[in-house]
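Single-structure report; data block below.
The values are calculated or read from the model by the stated rules, or taken from the named source; none is laboratory data. Computed from a predicted model, the values in this text were never measured in an experiment. Quick reminder, even Gly has a Cβ in these numbers, built from the backbone with ideal geometry, and neighbours come from all protein chains shown. For accessibility, only protein heavy atoms count, side chains too; no ligands or nucleic acids. Shrake-Rupley method; radii C 1.70, N 1.55, O 1.52, S 1.80 Å.
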Amino acid sequence: MTAHEALKAYFGYDNFRPLQEEIIQSVIDGRDTLALMPTGGGKSLCFQVPTMAMGGLCLVITPLIALMKDQVENLRQRNIRAAAIYTGMSYEQQKVALDNCMWGPYHFLYVSPERLESEEFRERLSRLPICLIAVDEAHCISQWGYDFRPSYLKIAEIRDLIKGFKVSKFQGSNIETNLHGVKQAAKPRETLPLAQVPILALTATATPDVVDDIQERLAFRKKHVLRKSFLRQNLSYVVRQTNKKADEIVHILNKVPGSAIVYVRNRQRAQELAVYLQEKGISAEFYHAGLSSKERSAKQEAWQAYPHPLPKGKGVTRVMVTTNAFGMGIDKPDVRMVIHHDLPDTIEAYFQEAGRAGRDEQRAFAVLLYDPSQDKAKARKRVADNYPPKEFVIDVYHKTCDFLGVGASSGQGHTFMLPIHDLCRIMHLPILQTYSALHLLTQAGYICFQEEQEIHPRVKILVSQREMSEYGLSKQQYQLLELLMRQYSGIFTDLQYVHLGDEAMRRLGNKATGEKQEIHDLLVSLAQRHIITYIPHSTADTLTFTCERQTDIHLSTDIYDNHRQQYIEKLKAMVEYADNNLYCRSQLLLSYFGEADATTCGTCDVCRQKAKSEKQ
Ligand code: ADP
Ligand code: MG
């Protein structure tokens, strides 16, 4: 099947977007490729289409579990088999997913980078019929990028484990049509020498040094970059100096109609500002990672639908006031305006967030509000908050160990939920700097601290099977217990991760909707009667000890001083962008990303100001 046929057959699109075809061809030719495309450019199809055309299995490494689930769901809706493996899945479930990828017609295996560190996983990996390794958000591999993740460095290692696999490119006659009318490759999988599995790295943000770094760290056999210009012709960049930011936002939103996002730095501010806008008669909601996933999806849905009404008369929202938790993976083409209430940490982050406006190629605005003296002072404070003194970081390490009851030379491999507020209260630590310290300790490799992790529901059965009959259980309660016993061996001795969305469990629920809720209610009723222990689904910060508790903690120049310096420089570039009133903003941004030859945009505030003064 050709790439073009696969695009049409599986994804229903007629044409490739700019550069997609070149990237796909490069992958099909077996070349290691780094693809740079702005957000919304259509990077996912660049590994999905060639995989379907080649008929193999693609290993996709991606950092965010939420995005992973979205993509798997998306593929399933297109009748393409896809699996995901992430922390929190039971061993059994991981095994099933891997078995499916080994024997079934599965085409995508999404994994979080941490998985690559597990021996067991690596062992299985070597036996999978992988035809392509896709590394999404590839800038995470670079310490010079803005979102470094140490486990990305393991990717090069697993390359050697993967035995090549490729179905002949000429398999036109081996295509069969399944029940849904979707074509599937029917040819048995054959293995080719290992050197042939190409890697496709994808990112929307990469400065020239990061571009080199990515290719080196992924052990590219030959350097090969395909780059789509980051020019956004329909997007006007504007900086507005003001010390009355809230009022300026009201003013702008009243002037430019349409859907908008307002980015702020913290959760409280998001809420306050949304309320303020509502008071001024503007339809607005707030969003941040501290909301329950139910609230978040309801708010997202109401915003995404704007201006069209939702079914059942549910209201829609014009403006989303949010922390940077909102946006990744969200695909709303008609956002007219992205306003930044504060300076982002980096140009990379700014460009990505601002770029969410105007994906429909219609005129859109990216406005940065800037209060020079205040914002510069805040920037200096951010450096101090993000890089507290080394002695403080070491102090946080020991206090956290004490708080969690981890003694000398113990703790390795253990994961704890870490209630930061309690830790800070009891140990008298300042909250912001403590967060930073935990992240620095993570970078240094002593711990793995993760914010807002999804805690999957867990169940342990407390009574024996014989005793159950004495409780006078309802039929549904009894059926649920039976199912749990069957599916989770060991549920009588340990808390087991259970998956409330499982097909079998779903059949227990009567109604077409709210099944998970129903199962949850059943479990609560059993827990209240002390028949089971039930830990419901939640989110929490977690801490895993990657090595036993140390007496000496060392923060190297590389981990601490260099990163601090780099953080300062990136922030400085952001401040310079805000201060600038000489150069075209589009030009300035593009040159930051290594495009030196861009022309002036004519629509940013600097260009407009120039045109105006030339007229006079
Ligand atoms: P990125 O990862 O680059 O930010 P995505 O892969 O999420 O972007 O794609 C953004 C949107 O563009 C998706 O809704 C996708 O279906 C759509 N898209 C991608 N390629 C095409 C195409 N060739 N034709 C039409 N729509 C496309
Ligand atoms: Mg993407």
Surface share of carbon and sulfur [accessible, 1.4 angstrom probe, percent] for segment 354-401: 55 percent
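Can you work out D for segment 376-530 in µm² s⁻¹ from Stokes-Einstein, where Rh is the Kirkwood radius over C-alpha pairs, the temperature is 4 °C and the viscosity is 1.567 mPa s? Walk me through the numbers on the way to the answer.
Working: Rh = 19.2 Å.
Rounded to a whole number, D works out at 67 µm²/s.
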Report the dimensions of segment 1-74 along its three principal axes from the alpha-carbon atoms, largest first, rounded to Å. 31, 25, 23
Other residues with Cβ under 12 Å from the Cβ of M427 give, with Lys and Arg +1 and Asp and Glu -1, a net charge of -1
Using a 7 Å offset from the Cα along the Cα-to-Cβ direction at both E123 and S373, what is the distance between the two label points in nm, to one decimal? 6.6 nm
Could you name the lysines in cross-link range of K8, using Cα to Cα under 29 Å and dropping any fewer than eight places away on the same chain? K43, K69, K166, K169, K183, K187, K228, K332
For segment 247-337, the Debye formula with one identical point scatterer on each Cα and no solvent gives log10 I(q)/I(0) at q = 0.25, 0.26 Å⁻¹ as -1.48, -1.56
So, with points 7 Å from each Cα along the Cβ direction, the R363-H537 label distance in nm works out to 4.4 nm
Length-normalised contact order of the chain in % [C-alpha pairs under 8 Å, at least 6 apart]: 13 percent
Cut-off of 10 Å, at most 10 other beta carbons, DSSP loop: longest stretch of the chain lacking such trypsin sites (Lys or Arg not before Pro): 223-510
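Return one whole number: the accessible area per residue of segment 421-472 in Å², for a 1.4 Å probe. All intermediate terms of the calculation are to be shown ahead of the outcome.
On the way: 2640 Å² over 52 residues.
Averaged over the residues of segment 421-472, the accessible area is 51 Å².
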Rounded to the nearest Å, what's the spacing between the alpha carbon centres of segment 524-540 and segment 1-76? Just the number, please. 41 Å
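Which GluC sites (Glu not before Pro) does segment 187-294 hold that lie in a coil by DSSP with at most 14 other beta carbons within 10 Å? Intermediate results must be reported in sequence, preceding the final value.
Working: sites: E190, E216, E248, E272, E279, E285; in loops: E190.
Taking segment 187-294 and a limit of 14 other Cβ atoms within 10 Å, the loop GluC sites (Glu not before Pro) found are E190.
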Pairs of Cα atoms farther than 19 Å apart, segment 199-260, %: 57 percent
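Could you give the length gained by full extension between E157 and A66, i.e. 0.36 nm per residue of separation minus their alpha carbon distance, to one decimal place?
Values: separation 91, 0.36 × 91 = 32.76 nm, distance 2.56 nm.
That pair, E157 and A66, stretches by 30.2 nm at full extension.
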Amide H contacts under 5 Å for Q496, placed H, 5+ residues apart: V459, K460
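From the mean inverse distance of alpha carbon pairs (Kirkwood) and the Cα radius of gyration, derive Rg over Rh for segment 533-602. Don't jump to the answer; show the numbers that get you there.
Values: Rg = 21.9 Å, Rh = 17.1 Å.
That ratio is 1.28, to two decimals.
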Could you run the Karplus curve 6.51 cos²θ - 1.76 cosθ + 1.60 with θ = phi - 60° over segment 104-119 and give me ³J(HN,Hα) per residue in whole Hz, x for Gly and Pro? x, x, 8, 10, 9, 10, 8, 9, 7, x, 4, 4, 5, 7, 7, 4
Quick check on packing: order 343-354, 536-547 by the mean number of other C-beta atoms within 10 Å, highest mean leading. 343-354, 536-547
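Report the full-extension gain for the segment K314 to R380: residue separation times 0.36 nm, less the Cα-Cα distance, to one decimal in nm.
Numbers: separation 66, 0.36 × 66 = 23.76 nm, distance 4.37 nm.
Between K314 and R380, full extension yields an extra 19.4 nm.
Once neighbouring chains are kept in place and the probe is 1.4 Å, which whole percent of the accessible area of segment 21-133 is contributed by carbon and sulfur?
47 percent
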Computed Kirkwood radius, in angstrom, where 1/r is averaged over Cα pairs of segment 43-123: 12.9 Å
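Expressed in nm to one decimal, what extension gain is obtained for the pair A289 and N100 from 0.36 nm per residue of sequence separation less their Cα-Cα distance?
Working: separation 189, 0.36 × 189 = 68.04 nm, distance 3.30 nm.
Taking A289 through N100 to full extension adds about 64.7 nm, to one decimal.
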Rounded to one decimal in nm, the spacing of the 7 Å Cα→Cβ label points at D558 and R466 is 6.1 nm
Could you calculate the FRET efficiency of L495 with E5 from 1/(1 + (r/R0)^6), where r is the beta carbon distance between them and R0 is 45 Å, rounded to 0.05? 0.40
Can you give the translational diffusion coefficient of the chain in µm²/s, computed by Stokes-Einstein from the Kirkwood radius over Cα pairs at 20 °C and 1.002 mPa s? 80 µm²/s
Using the Karplus curve 6.51 cos²θ - 1.76 cosθ + 1.60 with θ = phi - 60°, work out ³J(HN,Hα) for each residue of segment 464-477 in order, rounded to whole Hz, and write x for Gly and Pro. 6, 4, 5, 5, 3, 5, 7, 8, x, 6, 6, 4, 5, 4
Alpha-carbon Rg with Dmax, taken over segment 358-443, Å: 19.0, 60
For K612, which lysines qualify as cross-link partners when the Cα separation must be under 21 Å and same-chain residues fewer than eight apart are set aside? K255
